[in-house]
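What follows is a short report on a single structure.
The values are calculated or read from the model by the stated rules, or taken from the named source; none is laboratory data. Source: prediction; values computed, not measured. Here the Cβ positions follow ideal geometry from the backbone for every residue, glycine too, while neighbour counts run over all protein chains shown. Ligands, DNA and RNA are excluded from the accessible area calculation, which covers all protein heavy atoms including side chains. Shrake-Rupley method; radii C 1.70, N 1.55, O 1.52, S 1.80 Å.
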Amino acid sequence: MPTITAALAAFERHLGFPQSRSRTIARRLQEAGILPLGSSGSKPEINDDGFIALFLALAGDTTLHEAAPRVDRLFAMTPGGASLEGAPASIPTARRSLLDLIETALVDEDLPTAIEVVSNFDELAITWPGEIVERFQPTGAIAGHWQVTSHRRACIVTGSAFAKAIRATFSRI
């Protein structure tokens, strides 16, 4: 099983998130129970959920005290902010879509061209070839609209860089 340290190194090498800040964010996620603490004599391991949580916290440029609650909110976002109550289970949340990207990257199938995490309000956009965009927003948000009246700040990660970070963490290449 890969360790949190391996994921942090992959994030720095392939996505440009410095380990100095990443370690602090990871620690906050551990304190919130999102990432495992590990046991004495062993390094804490990371699974798919933890990898995605750490990615969202770093790409979302969250403050330390807001990292864990923001990850929870981003995980729960739905396509266009639609309510999934009574909807088929095949309609994914942001969490499910990002977890699917891990599986896709490990078998080297079609990857998105970009993953965009908005930092000044809750939104995630996954852009696929052909300019097809999956936009995830909080339930009840007006689809496709900014949730603030000021400018929009976002971190855009290319699909290939994201896949390289996944492979470096989970494939040990």
Task: Candidate residues ARG23, ARG167, ARG13, ARG96: accessible-area rank, largest first, probe 1.4 Å - done: ARG13, ARG23, ARG96, ARG167
Open item on the list: Given the DSSP H assignment, sum -39500 (n - 2.57) over each helix run of at least 4 residues in the chain and divide by its residue total; what's the result at 222 nm in deg cm²/dmol, nearest 500?
Closed with: -11500 deg cm²/dmol
Open item on the list: Can you tell me which of GLU109, GLU12, GLU85 moves the most in a GNM of the chain? Springs connect C-alpha atoms under 10 Å apart.
Closed with: GLU85
Task: Simple spin-label estimate for GLU103 and ILE156 in nanometres, 7 Å along Cα-Cβ - done: 2.9
Open item on the list: Positive end of the dipole of the chain, charges at C-beta (+1 Lys, Arg; -1 Asp, Glu), about the Cα centre: which of ALA114, SER22, THR104 has its Cα farthest in that direction?
Closed with: SER22
- [ ] Among LEU101, LEU124, LEU37, determine the one that fluctuates most according to a GNM of the chain built with springs between C-alpha atoms less than 10 Å apart.
- [x] LEU37
Task: Kirkwood-Stokes translational diffusion coefficient of the range 1-142, alpha-carbon pairs, 10 °C, 1.306 mPa s, µm²/s - done: 101
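Just want to confirm a number: the relative contact order over the chain, from Cα pairs under 8 angstrom separated by 6+ residues, in percent.
Values: 276 pairs, mean separation 44.5, N = 173.
Value for the chain: 26 percent.
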Task: Size of electric dipole in the chain: Cβ of Lys, Arg +1 and of Asp, Glu -1, about Cα centre, debye, nearest 20 - done: 620
- [ ] Quantify, in whole percent, the carbon and sulfur part of the accessible surface of the chain (1.4 Å probe; protein heavy atoms only).
- [x] 53
- [ ] Positive end of the charge dipole of the chain (Lys, Arg +1 and Asp, Glu -1 on Cβ, about the Cα centre): tell me which of ILE52, GLY41, HIS151 has its Cα farthest that way.
- [x] GLY41
Open item on the list: 5 Å is the cut-off here: which amide hydrogens, built 1.01 Å from N in the peptide plane, fall below it relative to GLY81, excluding neighbours closer than 5 in sequence?
Closed with: GLN137
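Calculate, for the chain, the solvent-accessible area per residue in square angstrom, rolling a 1.4 angstrom probe over the heavy atoms of the protein chains. Don't skip to the answer; put the middle values down first.
Working: 8680 Å² over 173 residues.
That works out to 50 Å² per residue.
If one computes P(r) from the Cα atoms of the range 58-133, what percent of pairs lie at distances over 19 Å? Show your work: numbers first, answer last.
On the way: 1196 of 2850 pairs.
Of the Cα pairs, 42 percent sit more than 19 Å apart.
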Task: Table column - 3J(HN,Hα) (Hz), the range 62-79, Karplus curve with 6.51, -1.76, 1.60, x for Gly and Pro - done: 7, 6, 4, 6, 9, 4, 5, x, 5, 4, 4, 5, 5, 4, 7, 5, 10, x
